[in-house]
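See structure below.
The values are calculated or read from the model by the stated rules, or taken from the named source; none is laboratory data. Source: prediction; values computed, not measured. Don't worry about glycine lacking a Cβ; one is built from the backbone with ideal geometry, like all the others, and counts go over all protein chains shown. Ligands, DNA and RNA are excluded from the accessible area calculation, which covers all protein heavy atoms including side chains. Shrake-Rupley method; radii C 1.70, N 1.55, O 1.52, S 1.80 Å.
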Amino acid sequence: MNKKVICLAVALVLCVSSFAFAATFLNMGTAGVSGVYYPVGAAMCKIWNDNISGMKANVQATGGTVQNLQLMGRGDTEVIFTDGSVFDAYNGKGKYYAEPVNFMVAKGSKIKDIAGLKGKKVAVGAVGSGSETIAFEILRAAGLDPKKDIDTHNLTHSEASRAFGDKQIDAAIIAGPVGMAGIVEATTMGLIDLVNIPDDIVKKIHAQYPYYTPFVIKANSYKGQTKPVKVFASWNIITVHEKLDTELVYKMTKSLYEHKQDLVNVSPRLNEMDKANVKYITIPLHPGAQKYYKEIKVIR
């Protein structure tokens, strides 16, 4: 994949990789249909189709960040959702809202930390997802070999919730926004406890992946979660091909902010979509995004 990935930012934020593109037909890679990305992506496509003349954007279900980057690299998508790991794609290293990494263990489990996962059955997200990538890195940071020390299961957050209910897994490490359906379901049913990710693990991850930062899931975010939970998180971004027309990208960015309430109606997490969050982007902005942010005086 060409490593020139450029951002168009929403806060959530919008980004890109190179591919000559002139038409207004766009495929948008999101994630699984049961997650947040897919319905939000569908809402974004509707905003673009309704407000940009000639635009025909379509949403596509995928495995998540890593698969989205692969699809873009092959030219199969023009717009994708990614987490902060797009930084690695831009810099040509690695596999490539603030979205926390959630560490969940079965209710009553004696698992107290990441090291306690040795020999356990652990859900690590869908194949090709950002969750899978970061889960493996967390395990390695704790001195565990994901292939030898852990019985990993590629499950989405909703599948992991059902697996907890069926006692098929002992724990899960999955990235996703606070309030995502799978965790709400599992906590409401009293199936899991959310556990802190140790500070030393967070420091190791941040040193290797600077786009991840410490994050606290506030107390009472879920039923039975009476104390804050310390984890880490990265910002979600939208990535587009760098050769998308400047005026088109400008209109795409502007229309999302002008119709932000339509996105909030789909997911309250989109309240965090703030123009000021452009400062958190770790790779260059697309010229169309630059035009919009300069126009509203968020950047110079």
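Remarks
- Members of the range 205-252 that are among the small types (Gly, Ala, Ser), under 20 Å from the mean Cα position of the chain (by Cα) and farther than 30 Å from CYS45 by Cβ: ALA207
- Taken over the range 161-180, the criterion of being touching a Gly at 6+ places or on another chain (Cβ under 8 Å) and modelled with pLDDT under 95 is satisfied by SER161, ILE174, ALA175, GLY176, MET180.
- Residues considered: ILE80, ILE47. Of these, the only one that is open to solvent by less than 30 Å² (accessible area, probe 1.4 Å) and closer than 24 Å to GLU137 by Cβ is ILE80.
- Restricting ILE237, ILE150 to residues that are aliphatic (A, V, I, L, M), under 30 Å from THR24 (Cα atoms) and touching a Gly at 6+ places or on another chain (Cβ under 9 Å) narrows the list to ILE237.
- Comparison of GLY41, GLY32 shows that the only residue that is part of a helix (DSSP H, G or I) and within 22 Å of ALA181 (Cβ to Cβ) is GLY41.
- Tallying residues that are out of contact with any Phe, Trp or Tyr (no Cβ under 7 Å at 6 or more places or on another chain), more than 15 Å from ILE173 (Cα to Cα) and either polar (S, T, N, Q) or not in a loop (DSSP other than H, G, I, E, B) (or both) within the range 191-228 yields 11.
- Residue list for the range 116-149, filter: part of a loop (DSSP other than H, G, I, E, B), open to solvent by 20 Å² or more (accessible area, probe 1.4 Å) and of a type outside the set (Gly, Ala, Ser): LYS118, LYS120, VAL127, ASP145, LYS147, LYS148, ASP149
- Checking each residue in the range 229-259 for being assigned to a helix (DSSP H, G or I), in contact with a strand residue (DSSP E or B) (Cβ under 9 Å, 6 or more places away or on another chain) and not aliphatic (A, V, I, L, M) picks out only THR253.
- Filtering the range 150-164 to residues that are buried (at least 16 other Cβ atoms within 10 Å of the Cβ) and outside any loop (DSSP other than H, G, I, E, B) leaves THR152, HIS153, HIS157, SER158, GLU159, ALA160, SER161, ARG162, ALA163, PHE164.
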